[in-house]
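Comments concern the structure below.
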Amino acid sequence: MSFYQYKDTIEEGDLVFAFISRGTIKPIVITRDQQLNTRYGHYEHNDMIGMKYGQQMAGARGYGFIHLLHPTPEMWTLSLPHRTQIVYTSDSSYIMQRLNVVAGTRVIEAGTGSASFTHSFARTVAAEGRLFTYEFHEPRYNEAKRELEEHNMTGNTLITHRDVCNDGFELDNIPENFQHDGGINGDVIFLDLPSPWTAIPHLNSVISQTSRVGICCFSPCIEQVDKTVKALQDEGWTEIEMVEVAGRRWEARKDMVKDIKDVVKRLKDIQSRKNQGIENRRHAKVKSGEKRDHDQVDSGDNGSDSDKKFQNLGKGFNPFGKGIRVREGDDGFEWRNVTKVEGEVKSHTSYLTFAYKIPVPS
C-alpha cells in the first residue's frame, strides 16, 4: 500500500481514510481486533479486511455507515494533524501545473511543516523523480519523517533537519540513488519559509546548471513578497510574477420561469381578495366581541368582471407555488438552469511568487 499507486482490496496494515461525514475524515491503519468508534456507531477492522476501497460499510450494530477510501495526497491534506499552516489543494495543484512538475522532476522543498505538500510532490515526481525536503524545527521534522516512513514514501523522498536560511541546502553523504551528476541538481524549488529571501542566495549550488529551473515562494504577507522579489532579482532570476489563488463556490440549480401575464393575474387576484375583505368588514353588522354568522355578512363584491373570475379559488391564484412546497424541477412548473456565485472570495492562504532561472552557456 502506498500513495503512489492504487489497489482494490483492503489488507491488514493498509492506511484507509474513513469518510464519516463531509467534515470528518479519519485516517486509520487496519489492525486486527481493533475498531473505529464514531458518533454513528463502531466499525470492526477485521470486517474491513477484504473489502473494496470506496465501499460503504455498515456499523457493527446495523445502523450508521462510513465509506472506506483509498489514500491520496488530497485526502491526507484534509485529514492530517496540523503542525503548521498547510498548503491546500487549491494552491498545490496550481503550483504543480505552473512549475510543470512531472514524473522524473527533481524537487527541493524547504519548510516541510505538516508534510501536506510533501505528499503531493512525492506522488507527482513518481519513482523516477526525487524530492529533497528540509525542516528546521526538530519535533516537526521527527513527526514528518515518521509519517513518510509509515506511508512508504522514502523511496523517492529524502527529508533533512536543517535551517536552510543559515546553513544552505547542500548535503553530505547523499544516497547514491538520490544523486544526479554527483549532487542534488534540483529543477523545481518550493520555499515555504518565514524569510525566503535569506535562503535564495544558497540555491545556486544545488540547482541544475543545464536546464531551466523554476521556483515558487509561499508567503502570507505582501511585505515578504517585496523582499523575496528583490532577492530573486539580485540572484539573477527572471520572469518574476506574484499570484494569489482565491476561490468562489458556484451553485447550479433550477429557477422557476415566471411569465409576465401570470404576474399580472396574480396581482389582480391579490387586489380582488383585498377589496372583498374590506367590503365584508364594512357591511358587517356585528357587535364588538361577538362572533358573526355567515349570513350576517354581505358579499360586498364591487370588483370588476376581471376580478370576479379569480374568486372562490381557495388560497387564491398563484402560478408560482408561493406558500406551498414545490420541489425543484416539479413537472407542474416551467424551469430553467441557472448558476449563482458566492459574493465573498475565499481560499486565500498565501501569495505565490514565481520566477525562473535560465542557465548561462559556458
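Of note:
- The stretch 44-181: C-alpha gyration tensor shape, a/c 1.5 cut-off, then a/b vs b/c: prolate
- Amide H contacts under 5 Å for residue 109, placed H, 5+ residues apart: 132, 133, 134, 190
- FRET efficiency, residue 177 to residue 44 (Cβ-Cβ, R0 35 Å, nearest 0.05): 0.30
- Extension gain, residue 31 to residue 326, is 101.3 nm, computed as 0.36 nm per intervening residue step minus the present C-alpha separation.
- Taking 0.36 nm per residue of separation and subtracting the Cα-Cα distance, full extension of the segment from residue 340 to residue 259 would add 27.0 nm.
- Taking label positions 7 Å along the Cα-Cβ direction at both residue 9 and residue 51, the computed distance is 1.6 nm, reported to one decimal.
- Residue-wise HN-Hα coupling along the stretch 226-240, computed from phi with Karplus coefficients 6.51, -1.76, 1.60 (Hz; x: Gly, Pro): 4, 5, 5, 4, 4, 5, 5, 5, 5, 8, x, 7, 10, 6, 6
- Cβ-Cβ distance of residue 356 and residue 166, R₀ of 25 Å, FRET efficiency by 1/(1 + (r/R0)^6): the value works out to about 0.45.
- The stretch 108-140 and the stretch 247-274: distance between their alpha carbon centers, rounded to Å: 55
- Candidate cross-link partners of residue 254 among the aspartates and glutamates, defined by an alpha-carbon separation under 14 Å and a same-chain spacing of 8 or more, comprise 328, 330, 331, 334.
- Taking a Cβ cut-off of under 15 Å around residue 57, the surrounding Lys, Arg, Asp and Glu residues balance to a net charge of 0, with basic ones at +1 and acidic ones at -1.
- Cβ charges +1 (Lys, Arg) and -1 (Asp, Glu), total dipole of the chain, debye: 2720
- Tensor-based shape of the stretch 15-71 (alpha-carbon gyration tensor, a/c under 1.5 rounded, otherwise prolate or oblate): rounded
- Shown in residue order for the stretch 109-117 are the 3J(HN,Hα) couplings computed by the Karplus curve 6.51 cos²θ - 1.76 cosθ + 1.60 at θ = phi - 60°: 10, 10, x, 4, x, 7, 6, 5, 6 Hz (x for Gly and Pro).
- In this structure, the residue pairs whose Cα-Cα separation is over 28 Å, taken from 145/357; 227/340; 227/357; 258/340, are 145/357; 227/340.
- Computing Rg and the Kirkwood Rh from the Cα coordinates of the chain gives a ratio, Rg/Rh, of 1.26.
- Cα gyration tensor, the stretch 117-188 - rounded (a/c under 1.5), prolate or oblate: oblate
- Karplus-derived 3J(HN,Hα), 6.51/-1.76/1.60, for each residue of the stretch 146-152, Hz, glycine and proline x: 4, 5, 4, 5, 5, 8, 6
Values quoted throughout were computed directly from the atomic coordinates according to the rules given, and no laboratory measurement underlies them. Bear in mind that the values here come from a model prediction, so they are computed numbers and not experimental data. When we count neighbours, we look across all protein chains shown, and the Cβ atoms used for this are built from the backbone with ideal geometry, even at glycine.
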